Amino acid sequence: MNHENSRELYDRALSVLPGGVNSSVRASMPYPFFVEDGDGAHVVDADGNRYLDYVMGYGPLLYGHDLPDPVEAAIQSHASAGPMYGAPTEVEVDLAEFVTRHVPSVEMLRFVNSGTEATVSAVRLARAYTGRDKIVVMQGGYHGAQESTLVEGGPDGARPSSPGIPESFAEHTIPVPFNDTDTIADVFAEHGDDIAAVLTEPMLGNMGVVMPVDGFHESLRDLCDEYGSLLIFDEVITGFRVGGLGCAQSEFGITPDLTTLGKIVGGGFPVGAVGGRAEIVEHLTPGGDVFQSGTFSGHPVTMAAGLETLRYAAENDVYDHVNALGEQLRAGITDILEERAPEYTVVGTGSIFKTIFTREGRGGEGRCEAGCRQREDCPNYDACPKTGADVAAAETNRWERVFWQEMKDRGIFLTANQFEAQFVSYAHTEADVQRTLDAYQDAL
Ligand code: PMP
């Protein structure tokens with residue numbers, strides 16, 4: 001494959017963009033390819049190379065790169081009316097009504113411009129509502145590039161995970177292991193009266209994929225109720241992907257107090273949202289006193305793209321299609337690993353999949369069953385990663401420098417970072433899955 005144009009673009013980019021990119025996960029060794037066009041489930045780079053795409057914009061692109069006609073038409077129509085106004089529009093109300101009708105916990109919501117903004121607002125709202133400062137987060141969880149959650153460490157002390165964040169900010173955050181109810185109960189016993197909220201992804205989507213064990217969310221719900229803390233589900237990745245239009249909370253049967261959304265709810269345009277019980281969300285300004293604002297929030301083009309994306313999903317077999325292909329991919333890769341790399345693990349659910357290159361720390365022998373729901377009756381239950389630490393031992397070097405490159409050379413675009421999830425879109429076909437499995441077989 002020739003990558004000359006991408007290399008030249010990267011050289012130019014390095015002079016004017018730090019690291020040559022506008023989001024750090026887009027960097028890859030030795031340099032990223034620059035995309036010129038999207039075509040169904042494929043992207044085409046600046047040198048004309050075509051790749052079957054499983055990055056899908058890191059999650060927002062439920063339909064791949066060609067939007068269904070009604071979505072495309074709504075975007076064009078709103079864009080040609082003028083980009084935005086700084087005054088409310090009907091389409092914001094339409095999308096808000098759609099979301100509140102489908103997502104169990106959301107009675108009212110505020111749209112913002114990114115998942116990061118959504119979690120910033122959720123944390124501020126939870127602190128204001130409870131009058132408490134501390135936030136419990138999961139080790140290996142990700143909630144965007146924000147000060148309160150970029151932390152590492154454990155229950156005995158968090159520290160910022162990036163320079164530039166004052167140590168004192170991290171004092172209010174308590175990282176705990178995902179799925180470890182005993183540790184979390186101990187944290188509540190010690191700090192419960194100071195805990196504003198537990199903020200968690202329903203399943204870890206930025207650290208491989210780690211599914212909740214049976215009863216984990218129920219325990220979080222009970223602890224939050226007992227101590228008067230809020231439960232916040234960060235559904236930026238899982239929202240309108242896992243569990244269909246009801247999101248992961250409907251799949252897991254747990255109603256959080258607040259929910260953050262992003263990615264799919266904006267149909268491929270910049271978006272975030274924080275929603276939940278009206279009695280809590282109403283505290284946001286201007287009705288309440290918890291400050292929140294944004295020039296571009298509820299942008300009409302984004303709202304139209306999001307609304308038509310979700311309407312189309314409600315009326316077509318979108319989730320059946322992507323989930324079935326996800327299942328086929330996980331099952332197929334599981335079989336290939338059995339033969340070629342039995343120490344690696346296939347994780348994911350629905351339309352999300354990833355192969356974790358771990359040889360240790362998985363808590364047992366054997367492999368995770370494809371699409372396993374952490375059921376204790378699963379013969380490979382012990383082998384499923386349970387915490388962020390279980391996947392932290394993954395061979396990141398082997399993934400990025402060897403496997404990811406090998407797949408790219410075979411025309412398959414996976415996430416370059418070992419821990420980022422991969423997504424199937426409505427544009428993928430069974431033939432694409434077969435081609436992908438052939439590439440896995442070959443590359444592994
Ligand atoms: N929360 C989760 C669970 C995410 O996966 C992400 C981004 N991948 C964010 C928040 C941040 O969203 P954004 O990149 O839109 O700011």
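Among the conditions (1) among the hydrophobic types (A, V, I, L, M, F, W, C); (2) in the same structural domain as residue 251 (by TED's automatic domain parsing); (3) assigned to a strand (DSSP E or B), the only one that residue 269 does not satisfy is (3).
The single residue among 416, 389, 431, 427 that is under 22 Å from residue 45 (Cβ atoms), of a type in the set (A, V, I, L, M, F, W, C) and not in a loop (DSSP other than H, G, I, E, B) turns out to be 431. Among the conditions (1) touching a residue at least 24 places away in the same chain (Cβ under 8 Å); (2) at negative phi; (3) touching a Ser or Thr at 6+ places or on another chain (Cβ under 8 Å), residue 179 misses just one, which is (2). Among the residues examined, residue 213 does not qualify as buried (at least 24 other Cβ atoms within 10 Å of the Cβ) and among the β-branched types (Val, Ile, Thr).
Test residue 230 against the criterion of being within 22 Å of residue 109 (Cα to Cα), of a type in the set (A, V, I, L, M) and either over 24 Å from the mean Cα position of the chain (by Cα) or more than 12 Å from the ligand (Cβ to nearest atom) (or both), and give yes or no. Yes.
If you go through region 263-278 and keep only what is away from the ligand (no atom under 13 Å from the Cβ) and not basic (Lys, Arg), you end up with 267, 275, 276, 278.
Within region 239-262, the set of residues being of a type in the set (D, E, K, R) and within 15 Å of the ligand (Cβ to nearest atom) comprises 241 only. Remark: residue 286 falls outside the filter, which requires a residue to be within 14 Å of the ligand (Cβ to nearest atom), surrounded by fewer than 23 Cβ atoms within 10 Å (Cβ to Cβ) and in a loop (DSSP other than H, G, I, E, B). Each residue in region 10-41 was checked for being surrounded by 16 or more Cβ atoms within 10 Å (Cβ to Cβ), more than 21 Å from residue 421 (Cα to Cα) and out of contact with any Gly (no Cβ under 6 Å at 6 or more places or on another chain), and 1 of them qualify. The residue that is modelled with the lowest pLDDT, among those in region 114-151 that are more than 11 Å from the ligand (Cβ to nearest atom) and surrounded by fewer than 19 Cβ atoms within 10 Å (Cβ to Cβ), is 147. When we screen 236, 198, 210, 281 for residues that are touching a residue at least 40 places away in the same chain (Cβ under 8 Å), aliphatic (A, V, I, L, M), more than 11 Å from the ligand (Cβ to nearest atom) and within 22 Å of residue 322 (Cα to Cα), the only hit is 210.
Applying the criterion of being among the polar types (S, T, N, Q) and outside any helix (DSSP H, G or I) to the residues of region 83-113, the residue that is nearest to the ligand (Cβ to nearest atom) is 113.
Apart from one condition, residue 101 fits all of (1) closer than 29 Å to residue 428 by Cβ; (2) in contact with a helix residue (DSSP H, G or I) (Cβ under 8 Å, 6 or more places away or on another chain); (3) in the same structural domain as residue 262 (by TED's automatic domain parsing); the exception is (2).
You will find that of 293, 297, the residue that is surrounded by fewer than 24 Cβ atoms within 10 Å (Cβ to Cβ) and within 16 Å of the ligand (Cβ to nearest atom) is 297 and no other.
Any residue at all in region 424-432 that is away from the ligand (no atom under 16 Å from the Cβ), at pLDDT below 95, small (Gly, Ala, Ser) and within 25 Å of residue 142 (Cβ to Cβ)? No, there is no match, as no residue in region 424-432 is away from the ligand (no atom under 16 Å from the Cβ), at pLDDT below 95, small (Gly, Ala, Ser) and within 25 Å of residue 142 (Cβ to Cβ). Taken over region 128-141, the criterion of being out of contact with any helix residue (DSSP H, G or I) (no Cβ under 8 Å at 6 or more places or on another chain) and either within 14 Å of residue 233 (Cβ to Cβ) or not assigned by TED's automatic domain parsing to the domain that holds residue 228 (or both) is satisfied by 137 alone.
The values are calculated or read from the model by the stated rules, or taken from the named source; none is laboratory data. In this text, all values refer to a predicted model and were calculated from it rather than measured experimentally. Cβ atoms come from the backbone with ideal geometry, glycine included; neighbour counts cover every protein chain shown.
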